[in-house]
Amino acid sequence: MISLGIESTAHTAGVGIVDSDGRIMANVSSAIRSDLGGFRPGEAAEHHSRVIPDLVREALREAGLTFGEVDLVAFSRGPGMGQPLQVGALAARALALRGGKPLVGVNHPIAHIEIGRLATGADDPLVVYVAGGNTQILVEEGGRVRVLGETLDIGLGNAQEKLGRKLGLGFPAGPKLDSIEGEWVDLPYTVKGMDMAFSGLVTEAERRIRQGVRPEDVAWSFVEVAFSMLVEVTERALAATGRGEVLIVGGVGASPRLREKMEIMCEERGAELRVTPPELCRDNGAMVAWAGILALAQFGETEVGESRVLPDWRVDELEWRFLRKDELRALLEGRSRRG
Amino acid sequence: MEVMELLARGAEAEVYRGEYLGKPAVIKIRPEKRYRHPSLDRLLRIRRTRIEASILIKAKRMGVPCPAVLDVWGDTIVMEEVRGTTLASVLEGGESPVGVDELGRVVAKLHAAGIVHNDLTPLNVIFGEGERVCLIDFGLARYSRSVEDRAVDLHVFEQSVTGLAPSAAPEVISTFFSSYSREAPDAASVLSRVEDIRRRGRYKRGQAKRG
């Protein structure tokens, strides 16, 4: 079975093609960029509607396939920004209807997690999902992905972008912030149980810069504090659940500094660390295509008439199981027998 | 002080059995975290140790049964050793616990003192002789009088008891809730907030064990 997935929850439009053995046959994308930092949802939607048709053609060419050979069309249904989401959904519906193929709407965080499991071979990990809008510690239990801890205000990625904008680093600022070297400056560290908060950290960092503290020192310490908070709640969740495996997914997951800190913690706790490769960490179409196959196997297709986007769709609102490869195969065979 | 035996290693702290001035004692140490910058790490460990000790002392003064603090320095708290059985092992042994009524009163008293525990699981409740109940592990405790924070305490208790002993849970929880609501300040709003939290579906099973 071959799946074509469309991603459009935020700044990135992506199209990927994956088969049911988990082979990534194509993964192409285009992200809106801005030198001033930040973007408006409307601009992203406009960008995505311009590039998606070409991305679909490019992905098919890269995979060496015609659209007729694709078996299902998957799209990111949410959570995300309404306007960009609608562009991806519209494109997916049009493709599915034109080709008479099943349409499958997938949850964006689930897609991040599942591509991470596929790429790293993680089986039943504690998941650290760290991106622009989302920062959550997750486990699958009892047929649902549960939130053990999360940000109480903004996502870690968005916190980085806010400070980056102040420093004139352009968008995306995260990777640039990551590589700035500086000296330690005391900044607020907010962990409550297994939850974190980042917005006070941004405010205080901005205040320090206004006060004349060297911006590179503030930037370095900001990253230090934000990642330390995330590592601390991860360690707590490990202790509470007794899991032996940590899987990092999501756009900020590509950060070498985060990886280094997580590695130290996991080593001390005797846990295995698995990090999703950078090209699959950021928003992409392949993760949507793969999650589409898993969703179709478990729950069947999404009727076009019921495929509206869900901008506030939390990861713990849907049923979901981490399937093993043999379970997936059995489910897909069952479906094809039923016809 | 003499350190003898590791009792528990949580995410943040290590708890040892030992001796202090010739008497049995429990020693809680927050060890260094190498993933954090040394200045940040030191600041956090010392600040949290002080808060935990200060909350234990306040709780004790307000009549909440909890370990007496014998000494505090840097990242270390020395406490009195509490003897007894945890609620967790009573539940796991399939017995029906007798001190739950008293536990409800104790948590009500804690909340009335302006403190929330934040990790109210059966592992952190000890039954001594008779119906004596003692709360331990104040590592996540905070000064708070908010209805939400109090409701989280009750919710964490409910969830963790249910997870540990599904069949005994309904009775334990209803006994606990009714004795809590007889004595706690704003009990009605706290209980209705617990309802809200359940509806939110937010998964908050027993928080991390910190020793």
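The values are calculated or read from the model by the stated rules, or taken from the named source; none is laboratory data. Computed from a predicted model, the values in this text were never measured in an experiment. Ideal geometry is used to build each Cβ from the backbone, glycine not excepted, and the neighbour counts take in all protein chains shown. Side chains are part of the model used for accessible areas, which takes the heavy atoms of the whole protein and leaves out ligands, DNA and RNA. Shrake-Rupley method; radii C 1.70, N 1.55, O 1.52, S 1.80 Å.
General remarks:
- Subset of the range A:43-73 (residues that are surrounded by fewer than 16 Cβ atoms within 10 Å (Cβ to Cβ) and at negative phi): A:E43, A:E46, A:R50, A:P53, A:D54, A:R57, A:R61, A:E62, A:T66, A:F67, A:G68, A:E69
- Among the residues making up the range B:17-59, a single one is open to solvent by 30 Å² or more (accessible area, probe 1.4 Å), within 13 Å of chain A (Cβ to nearest Cβ) and of a type in the set (S, T, Y): B:S39.
- In the condition set (1) charged (D, E, K, R); (2) open to solvent by 50 Å² or more (accessible area, probe 1.4 Å); (3) without any contact (Cβ under 8 Å) to a residue 60 or more places away in the chain, B:E183 is compliant with all but (3).
- Of all the residues in the range B:91-118, those that are outside any helix (DSSP H, G or I) and either among the polar types (S, T, N, Q) or closer than 15 Å to B:L164 by Cα (or both) number 6.
- Residue in the range A:255-266 that is free of Cβ contacts under 8 Å to residues at least 12 places away in the same chain and in contact with a strand residue (DSSP E or B) (Cβ under 7 Å, 6 or more places away or on another chain) present: yes
Residue-by-condition table, conditions (1) part of a loop (DSSP other than H, G, I, E, B); (2) modelled with pLDDT of 95 or more; (3) in contact with a helix residue (DSSP H, G or I) (Cβ under 8 Å, 6 or more places away or on another chain); (4) surrounded by fewer than 18 Cβ atoms within 10 Å (Cβ to Cβ):
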| position | (1), (2), (3), (4) |
| --- | --- |
| A:E150 | no, no, no, no |
| A:D153 | yes, no, yes, yes |
| A:Q160 | no, yes, yes, no |
| A:L163 | no, yes, yes, no |
| A:G168 | yes, no, no, yes |
| A:P175 | no, no, yes, yes |
| A:L187 | yes, yes, yes, no |
| A:V202 | no, yes, yes, no |
| A:E206 | no, yes, yes, yes |
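Conditions tested, residue by residue: (1) hydroxyl-bearing (S, T, Y); (2) in contact with a helix residue (DSSP H, G or I) (Cβ under 7 Å, 6 or more places away or on another chain); (3) at pLDDT 95 or above.
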| position | (1), (2), (3) |
| --- | --- |
| B:V156 | no, no, no |
| B:T162 | yes, yes, no |
| B:A184 | no, yes, yes |
| B:G201 | no, yes, no |
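- Residues in the range B:130-175 that are open to solvent by 50 Å² or more (accessible area, probe 1.4 Å) and within 29 Å of B:T76 (Cβ to Cβ): 4 in all.
- Answer from A:A271, A:A226 - the residue that is within 14 Å of chain B (Cβ to nearest Cβ), surrounded by fewer than 23 Cβ atoms within 10 Å (Cβ to Cβ), more than 20 Å from A:P79 (Cβ to Cβ) and not polar (S, T, N, Q): A:A271
- Entry remark, the range A:278-289: residues being open to solvent by less than 40 Å² (accessible area, probe 1.4 Å) and part of a loop (DSSP other than H, G, I, E, B) number 2 in total.
- Residue satisfying all of: in the range A:302-320; over 20 Å from A:P79 (Cβ atoms) and open to solvent by less than 100 Å² (accessible area, probe 1.4 Å); farthest from the chain's Cα centre (by Cα) among these: A:G305
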